[in-house]
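Q: To start, I am sharing the structure in question, which I have written as structure tokens.
Nothing in this text is a laboratory measurement; each read-out follows from the coordinates by a stated rule. Please read these numbers as outputs of a predicted model, since none were measured by experiment. Using ideal geometry, Cβ is built from the backbone for each residue, glycine included, and neighbour counts are taken over all protein chains shown.
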Amino acid sequence: MIKKAIAVVVGFIIIQFIVKILHSLELFKYVYNHTPGPCRIVPGQGIGYEDMETLPNGLTLITSGIVMPTASPKVHAYHKKHNRRGRIYLFDFNQPDKGIEELTIVGDQFNQSDFGPHGISLWKDNKDKVTVMVVNHDSTGDTLEKFVFMAKDKQLKHVHTYRDPSIHFVNDVAMDSENSFYFTNYAYYKSGFLHLLETIIPLAYGNLMYYDGKAYHKQYDGFITTNGLMLSRDQKYLYMAEPVTKKFYTFTRQKNGTVKRYQEFNVKTAIDNPTLDKDGNVLLGAHPIVWQILAHLDDPENPAPSQVIKLHMKDGVVTKMTEVLSDDGHMLSGSTVASLYKDAMLVGTVQHKLLYCEVRWMD
């Protein structure tokens, strides 16, 4: 009798777990296509345009050629077929018809042949010097690479490589000065199968870190796939996306760089990288159907829907949410980031194309 009762309970728990997984994969969800205006694909030779950030003058730096530690054999084959190479591209919103241009990386201590750029952050000082921080997945592990952007020469001068045990499986970075920054460790396991289990169960092994220029400090842990980061324009708040739970976090910042949780907002879609518009509102690239983005990450030939979400912000709090763009994956697969400048928007993807849209209507 006791054995039967235990079997029933165990069976119920297993069924409940399976139902939960099936629900989280969004198997029966459908997306409808709409854009904020006419859109077109930007020509280019890159594989994916995973993250980007736009300077006040409209110049946008874009990472391309990401190689995740969890990449499947199909992804590696796709990269080989298309001659993947890690690049940082430049796009000028003031001259959109020029498309993208690869920035030359200079510096004897940097190995560009082993470059897998992911998240990116820009810091502009009061003398207009632009420092660039890039998350790098290379063959030796994860690093954070610092460059100086030389716009006239269209070059990135490599300055420093950050290595530390706390830089484990990094997704994104957000600079709060030339020499200090926040970063997210996305997960713990780098094996494809173990990483999948960590995501599906899920296991809360992600964390948020801060480097103050001298030492690394853990701010929070216990997250499930900590992802994109962005500081508010006044630097009072730090924003973070968590795609598996579909949550958007706001943290308040202290003078020493430490952060405290302020708001936790359910966006109800798998959000990726945040950027800011001119008014300080947040734009997010997102994945509206989970099972399709998982299939796309396993095999880039499988299309996945794209989505751009706008979060209206006031004093670090989300006051309203609108959908800016939605596509079923045939025009654009696996959107990860969107950047808005004046009346135009650029949308990047994890391993597909780059989309430029004229913005004629947006709430």
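Q: With each pseudo-label sitting 7 Å past Cα toward Cβ, what's the SER139-ASN256 distance in nm, one decimal?
A: 4.2 nm
Q: Sticking with this structure for a sec: Once amide H atoms are placed 1.01 Å from N in the peptide plane, what residues at a sequence separation of 5 or more from ASP176, or on another chain, have their amide H within under 5 Å of its amide H?
A: Answer set, sorted by chain and number: PHE181, TYR182.
Q: Among the trypsin sites (Lys or Arg not before Pro) in segment 273-363, which ones are in a DSSP loop with at most 16 other Cβ atoms within 10 Å of the Cβ? Mind listing them?
A: Of the trypsin sites (Lys or Arg not before Pro), the ones in loops of segment 273-363 whose Cβ has at most 16 other Cβ atoms within 10 Å are LYS278, LYS342, ARG360.
Q: Just flag the trypsin sites (Lys or Arg not before Pro) in segment 59-158 sitting in loop per DSSP whose Cβ has no more than 11 other Cβ atoms within 10 Å.
A: LYS127, LYS152
Q: Now for a different question. Which of these values of P(r) over Cα pairs in 20 Å bins from 0, in percent was calculated from the structure shown: [x] 28, 57, 15; [y] 26, 54, 19, 1; [z] 31, 60, 9, 1?
A: It is the value labelled [z].
Q: Run the numbers for ILE201 and LYS320: contour at 0.36 nm per residue of separation, minus the present Cα-Cα distance, in nm.
A: 39.8 nm is the gain from fully extending ILE201 to LYS320.
Q: What range in the chain is the longest one free of chymotrypsin sites (Phe, Trp or Tyr not before Pro) that are in a loop by DSSP and have at most 10 other Cβ atoms within 10 angstrom?
A: Maximal segment without exposed cleavage sites: 33-360.
Q: Taking amide H positions as placed 1.01 Å from N in the peptide plane, with prolines and chain starts having none, which residues 5 or more places from TYR49, or on another chain, fall under 5 Å of its amide H?
A: Counting only residues 5 or more places away or on other chains, the set is THR349, VAL350, GLN351, HIS352.
Q: Next question, about the same structure. Hydropathy at least -1.0 by Kyte-Doolittle, axial extent at least 18 angstrom from the Cα trace: which helices of the chain, defined as entire DSSP H runs, fit?
A: Helix filter hits for the chain: 2-24.
Q: Could you list which residues have their amide H under 5 Å from that of GLY228, counting only those 5 or more apart in sequence or on another chain, with H placed in the peptide plane?
A: Amide H neighbours of GLY228, under 5 Å, 5+ apart: ALA241.
Q: Could you work out which residue, out of HIS118, HIS168, HIS287, moves most in a Gaussian network model of the chain, that is, has the largest mean-square fluctuation with Cα springs under 10 Å?
A: HIS168
Q: Continuing with this model, one more query. Which of the listed residues, LEU238, VAL31, SER113, is farthest toward the dipole's positive end in segment 31-358, when Lys, Arg count +1 and Asp, Glu count -1 at the beta-carbon?
A: LEU238
Q: What are the ³J(HN,Hα) couplings of segment 350-363, residue after residue, when phi is run through the Karplus curve with 6.51, -1.76, 1.60 and θ = phi - 60°? Round to Hz, x for glycine and proline.
A: 6, 7, 10, 10, 10, 10, 10, 10, 7, 9, 9, 8, 7, 7
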